[in-house]
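One structure follows; several queries about it will come next.
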Amino acid sequence: MPTQYSIAQRTATHNGLFAGLACALALALTAGPALAQTTLDRVVVNGKVFEGMARFDVRESCANVDAVLQEQLANTWFRDPTPSELDVTFAVQDGQVKAVRASGGPMQTNREVRRAVRLLECSRDASGTSIYRMQLAFVSPEDATAPAASAQGPARIVITASR
């Protein structure tokens with residue numbers, strides 16, 4: 001006849017062994033990976049920093065800003081002819097736009113504005129990297145109360161300095 005064990009027949013020694021085994025297993029599963037020695041490589045992070053004093057003289061520094069934005073963003077107006085205002089901040093280093101942040105509009109419009117601003121050619125600044133800020137407004141051509149357009153076209157894209 002086979003031997004059957006039940007919980008009632010366990011002794012204090014059996015219970016102690018099972019408890020010790022359970023603790024050892026839990027410790028091995030949780031503490032083992034934490035105690036493992038790993039070697040980490042050095043990581044260099046290049047970030048987009050928007051700090052310092054922002055400049056608002058976008059038209060003086062980027063001479064063709066009105067024409068480039070009007071040409072590049074005309075399809076944006078046809079896709080979504082909703083008047084909107086975006087805050088645009090961008091960094092210029094050695095005459096080239098290195099980083100752009102656009103906020104305040106729909107995600108697709110923000111993406112298209114970032115792409116268009118990256119095409120700007122700006123003057124070289126002796127101080128290295130310059131941060132520029134502007135507000136970009138999509139204004140309906142039928143809106144008589146809107147500010148004058150910066151360029152002629154089916155959509156009016158107005159650039160104003162933001163502070």
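Quick check on LEU69: is it in a strand (DSSP E or B) and surrounded by 12 or more Cβ atoms within 10 Å (Cβ to Cβ)?
Values: in a strand (DSSP E or B): no; surrounded by 12 or more Cβ atoms within 10 Å (Cβ to Cβ): yes.
When the stated conditions are applied, LEU69 does not pass them.
With respect to the numbered conditions (1) more than 21 Å from ARG59 (Cβ to Cβ); (2) part of a strand (DSSP E or B); (3) not aromatic (Phe, Trp, Tyr), which one is the sole condition not fulfilled by VAL100?
Here VAL100 clears every test but (1).
A quick yes/no check of all residues on (1) under 14 Å from LEU69 (Cβ atoms); (2) in contact with a Gly (Cβ under 9 Å, 6 or more places away or on another chain):
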{"residue": "ASP87", "(1), (2)": "no, yes"}
{"residue": "VAL92", "(1), (2)": "no, no"}
{"residue": "LYS98", "(1), (2)": "no, no"}
{"residue": "GLY104", "(1), (2)": "no, no"}
{"residue": "MET107", "(1), (2)": "no, no"}
{"residue": "ARG115", "(1), (2)": "yes, no"}
{"residue": "GLU121", "(1), (2)": "yes, yes"}
{"residue": "ASP125", "(1), (2)": "no, yes"}
{"residue": "MET134", "(1), (2)": "yes, no"}
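Name every residue in region 72-97 that is without any contact (Cβ under 8 Å) to a residue 40 or more places away in the chain and assigned to a strand (DSSP E or B), in order of residue number. It would help to see each step written out before you state the result.
Looking only at region 72-97, we keep the residues that are without any contact (Cβ under 8 Å) to a residue 40 or more places away in the chain, and these are 75, 79-80, 93-97.
GLN93, GLN96, VAL97 - these are the residues of region 72-97 that are without any contact (Cβ under 8 Å) to a residue 40 or more places away in the chain and assigned to a strand (DSSP E or B).
Still on this structure, please answer the following. Within region 92-106, track down each residue that is open to solvent by 90 Å² or more (accessible area, probe 1.4 Å) and under 18 Å from the mean Cα position of the chain (by Cα).
Scanning region 92-106 gives LYS98, ARG101.
Can you work out which of the residues in region 122-158 that are within 14 Å of LEU73 (Cα to Cα), open to solvent by less than 20 Å² (accessible area, probe 1.4 Å) and assigned to a strand (DSSP E or B) is modelled with the highest pLDDT?
Taking the candidates together, the pick is LEU136.
Could you tell me which numbered condition ALA34 fails, if it satisfies all but one of (1) aliphatic (A, V, I, L, M); (2) farther than 28 Å from ARG133 by Cα; (3) surrounded by 10 or more Cβ atoms within 10 Å (Cβ to Cβ); (4) modelled with pLDDT under 75?
(3)
For region 58-73, which positions are touching a strand residue (DSSP E or B) at 6+ places or on another chain (Cβ under 8 Å) and closer than 16 Å to GLU112 by Cβ?
If the condition is that a residue be touching a strand residue (DSSP E or B) at 6+ places or on another chain (Cβ under 8 Å) and closer than 16 Å to GLU112 by Cβ, then VAL65, LEU69, GLN70, LEU73 are the ones that fit.
A quick yes/no check of all residues on (1) of a type outside the set (Ser, Thr, Tyr); (2) closer than 14 Å to VAL139 by Cα:
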{"site": "VAL65", "(1), (2)": "yes, no"}
{"site": "GLN70", "(1), (2)": "yes, yes"}
{"site": "THR82", "(1), (2)": "no, yes"}
{"site": "GLN93", "(1), (2)": "yes, no"}
{"site": "GLN96", "(1), (2)": "yes, no"}
{"site": "VAL100", "(1), (2)": "yes, no"}
{"site": "PRO106", "(1), (2)": "yes, no"}
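In region 49-66, how many are surrounded by 13 or more Cβ atoms within 10 Å (Cβ to Cβ) and part of a helix (DSSP H, G or I)? Show your work before the answer.
Within region 49-66, the first condition is being surrounded by 13 or more Cβ atoms within 10 Å (Cβ to Cβ), and the residues that meet it are 50, 54-56, 58-59, 61-66.
Now drop any that are not part of a helix (DSSP H, G or I), which leaves 58-59, 61, 65-66.
Residues meeting the conditions: 5.
The values are calculated or read from the model by the stated rules, or taken from the named source; none is laboratory data. Bear in mind that the values here come from a model prediction, so they are computed numbers and not experimental data. Glycine gets a Cβ as well: all are built from the backbone with ideal geometry, and neighbour counts include every protein chain shown. Ligands, DNA and RNA are stripped out before the accessible areas are found, and what is left, the full protein with its side chains, is counted by its heavy atoms. Shrake-Rupley method; radii C 1.70, N 1.55, O 1.52, S 1.80 Å.
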